[in-house]
């Protein structure tokens, strides 16, 4: 009997994934982040990732500036 596990969504998002959620380019996402309009990302060494829940809550709240 084979069991399947539900597809899990990543909890940390890269800039391309955040851009797709926002329907903007990665360059626009980067500008929003640098302007303090996105939730702060998490740094993992050289990698920059955003918490999926923080981005989703930010979108639901109307994309309010974070700084």
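The values are calculated or read from the model by the stated rules, or taken from the named source; none is laboratory data. Owing to the predicted nature of the structure, the values given are computational and were not obtained by experimental measurement. We place every Cβ from the backbone using ideal geometry, glycine too, and count neighbours over all the protein chains shown.
Please go through the stretch 27-57 and give me each residue that is surrounded by 11 or more Cβ atoms within 10 Å (Cβ to Cβ) and under 9 Å from the mean Cα position of the chain (by Cα), ordered by number.
Result: 38, 39, 41, 49, 50, 51, 52, 54, 55, 56.
Look through 24, 60 and report the one residue that is surrounded by 10 or more Cβ atoms within 10 Å (Cβ to Cβ) and either modelled with pLDDT of 95 or more or out of contact with any helix residue (DSSP H, G or I) (no Cβ under 6 Å at 6 or more places or on another chain) (or both).
Residue meeting the stated conditions: 24.
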